[in-house]
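The block underneath contains the structure these notes are about, expressed in structure tokens.
The values are calculated or read from the model by the stated rules, or taken from the named source; none is laboratory data. Keep in mind it's a predicted model, so treat the numbers as computed, not measured. All Cβ positions, glycine included, derive from the backbone under ideal geometry; neighbour counts span all protein chains shown.
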Amino acid sequence: MGYRIGVDVGGTKILILLCREDGAILESRKFASKADKGPRKVMDLICRNLEEILRQQSISWEEVDGLGICVAGFYHMPTGRIISSPNMPGWEGISLTENLGPILHVPLLVENDVNAAAYGEYLFGAGRGKNNILLFTMGTGIGGGLVVNGSIFRGSAGFAGEIGHLPVLPGGPLCGCGRRGCLEALSSGAAIAREGRKLFRENRAGILHEMVKNEEDLEAPHIFKAAEQGDEGALKIIDRAAYYLGLALAAAVNLLNPDVIIAGGGMSQGGHLILTPAESYLRQAAVKPAVEEVEIVPAVLGEKAGAWGMLGLLLPTNEKMGDCL
């Protein structure tokens, strides 16, 4: 019996799923990526944990039919190299295939993490039964992945779907990509925290001062909590973020005409405060025929979506896996 492995490599954690050919998941393992130590440390951790998992399951590498790794960052499909990864320093120009292939001696497939997550949701999650989906993930940053007619849409070099870097406010706040006015610079967790710190400085008697003592300790969840308690300043921050998110989603709907938009990432978990108004702004801004056909739904696979997506790309009969969730 053959086995396949899906690995999701992020800035803070690595998640591994070991799958039997009938779709049964034999092991799920998560551990810190230690990305600040550089790519060699991360790849050593991947190899060490893979070896340990297979040894514990009494599986040899000869029985592994494929290994799929999705990685956070700009992955250049033609060359198989990572162009950049904001949360993983030192990965510029790194090829996982060149570095891990000779060590592991197993067919290796590499993909962008949000593309893989979108495919996972398409096959096994909130996108099941749909042909065209847009997944956007909201956390510290904002990522996006597309499935078009049942296949990942990567564009000419692998960079399609980067909804977080749609320009929605010319001359707006500086984004981590080096440009101004990107959606990520206006609606991400980092952007909400930035605006919250401004509010903290300006309003010295507000709810936020009851939550944290120092400005640098304030993060996006504090803003959401303050908004839930009715703080006007916090509500305005979230509404502004929702407005620009709605504009970006409207642009995506007008351009791509998806069946469904799936909201994932940490901020979507308690996202009614931002997703409900964002959907309202979306429906005001998008063209009527397209927006009437689309629905926004929460992701269901959580942090395992990327690894599930890689397993889906590896398994020729991925429909079998549907009942294993």
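Within region 268-275, identify whether any single residue is polar (S, T, N, Q), assigned by TED's automatic domain parsing to the domain that holds Ser187, free of Cβ contacts under 8 Å to residues at least 40 places away in the same chain and closer than 30 Å to Ile25 by Cβ, and answer yes or no.
So the first thing to find is which residues in region 268-275 are polar (S, T, N, Q), and the list is 268-269.
Among the residues that remain, those that are also assigned by TED's automatic domain parsing to the domain that holds Ser187 are: 268-269.
Within this subset, residues satisfying the condition of being free of Cβ contacts under 8 Å to residues at least 40 places away in the same chain are 269.
Cutting the leftovers down to closer than 30 Å to Ile25 by Cβ gives us 269.
Checking region 268-275: at least one residue is polar (S, T, N, Q), assigned by TED's automatic domain parsing to the domain that holds Ser187, free of Cβ contacts under 8 Å to residues at least 40 places away in the same chain and closer than 30 Å to Ile25 by Cβ.
If the Cβ limit is 7 Å and pairs must be 6+ apart or interchain, which residue in region 150-172 that is over 19 Å from Ile83 (Cβ atoms) pairs with which residue that is aromatic (Phe, Trp, Tyr)?
Within 7 Å, the pairs are Val168/Tyr244; Leu169/Tyr244.
Consider region 55-107. How many of its residues are part of a helix (DSSP H, G or I) and free of Cβ contacts under 8 Å to residues at least 24 places away in the same chain?
Total meeting the criteria: 6.
Between a residue in region 174-189 that is farther than 12 Å from Thr137 by Cα and assigned by TED's automatic domain parsing to the domain that holds Gly246 and any residue that is of a type in the set (Lys, Arg) and at pLDDT 95 or above, which pairs come within a Cβ distance under 8 Å, given they are 6 or more apart or on different chains?
Here the result reads Leu174/Arg180; Leu186/Arg240, each pair linking region 174-189 to a residue that is of a type in the set (Lys, Arg) and at pLDDT 95 or above.
Name the residue that is farthest from the chain's Cα centre (by Cα), counting only residues in region 139-187 that are part of a loop (DSSP other than H, G, I, E, B) and basic (Lys, Arg). Explain how you work it out, then say what you get.
Looking only at region 139-187, we keep the residues that are part of a loop (DSSP other than H, G, I, E, B), and these are 139-141, 149-150, 153-162, 166, 168-173, 175-179, 181, 183.
Narrowing further to those that are basic (Lys, Arg): 154, 179.
Numbers: Arg154: 15, Arg179: 21 Å.
Restricting to residues being part of a loop (DSSP other than H, G, I, E, B) and basic (Lys, Arg), the top hit is Arg179.
When only residues in region 57-113 that are small (Gly, Ala, Ser), surrounded by 19 or more Cβ atoms within 10 Å (Cβ to Cβ) and modelled with pLDDT of 90 or more count, which is farthest from Arg29 (Cα to Cα)?
Gly66
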